[in-house]
1. Could you work out how far the C-alpha centroid of region 10-66 sits from that of region 82-116, in angstrom?
2. Not counting ligands, DNA or RNA, and with a 1.4 Å probe, what is residue 84's accessible surface area in Å² rounded to the nearest 10?
3. Calculate the spin-label point distance for residue 26 paired with residue 75, positioning each point 7 Å from the Cα along the beta-carbon direction, and give it in nanometres.
4. So for the chain, taking the charge dipole from beta-carbon charges (+1 Lys/Arg, -1 Asp/Glu), which of 108, 133, 153 sits furthest toward the positive end?
5. Radius of gyration and Dmax for region 29-151's Cα atoms, expressed in Å?
6. Just to confirm, what accessible area per residue do you get for the chain at 1.4 Å probe, in whole Å²?
7. From zero up to wherever the largest Cα-Cα distance of the chain sits, split into 10 Å bins and tell me the percent of pairs in each.
8. Using a Förster distance of 41 angstrom, determine the FRET efficiency expected from the C-beta separation of residue 86 and residue 223, and round it to 0.05.
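The values are calculated or read from the model by the stated rules, or taken from the named source; none is laboratory data. All figures in this text were calculated on a predicted structure; none of them were measured in a lab. Cβ sites come from the backbone with ideal geometry, for glycine too, and all protein chains shown count toward neighbours. For accessibility, only protein heavy atoms count, side chains too; no ligands or nucleic acids. Shrake-Rupley method; radii C 1.70, N 1.55, O 1.52, S 1.80 Å.
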Amino acid sequence: MCWEDFQGVVVRSCWDYHHRLEEFLAWVTRLERAEVPLWNAPALLRWNSHKGYLRDLAARGVPIVPTRWLARGRQFGLAQLLRDERWGDAVVKPAVSASATDTWRTSAATAGADQGRLEQLLRAGDVMVQPFIDEVCDPGEWSLIFFGSRFSHASGSGPLRRTTGCNGSSGARPRPWRHRPGLIADAEAVMAAAPGHPLYARVDGVERDGRLMLMELELIEPHLFLGWDADAPARLAGTLAAFVNRP
């Protein structure tokens, strides 16, 4: 495809990018070098492709889930890690992942048996371990959608069965959004802490003590729940037009 023939390219449905990350980022670089406008911007896509971006946001004051970052190729004892952190239940996930791929729950009782699974992940890439967040199960997770860094609409999921849920996983029943100024303000703070100006973004988190705890900031291929708000498609189209036409 001759990408130079287009006024711009919007990344939306690259569902397998995390399985082919080098290829995906090489494609991003090709468009960047050809000066084809790309949204979200290449720098944002690169930054968001590894969940280490959460460390950057935490350093800027954004509340995130406590995380132990495990470097590829290093050796870590999962049972000892859980003892050190005093986590009874935890979630293990690759630092490059989407749609809860290769994400699984462990516990103090099963960590010894799960050690081999951790070692397999570490052979492939960086890994993150987090305590299981009860609010994911009940009341559930919130997804706040932004177009052009402005809040558009939101969707909720939950409650989720504890036996199947993992931090940030799918499978929960949808729940309606009620206007929550405090959560919107917290999500706006997440957007302000992110580098650049995304065309679209989804801020995923749970409410704890009345505040939003960030689970993910999705800038590559998030489902935008356009069917949840009748005006959302027009807002996205209007924002895209403004991005295309800005000097």
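1. What the calculation gives is 24 Å, centre to centre.
2. 100 Å²
3. Placing both labels 7 Å beyond Cα along the Cβ direction yields 3.4 nm.
4. 108
5. Just the Cα atoms of region 29-151 yield Rg and Dmax of 17.0, 53 Å.
6. 50 Å²
7. Values per bin, smallest distances first: 7, 29, 35, 21, 7, 1.
8. Here the calculated transfer efficiency is 0.75.
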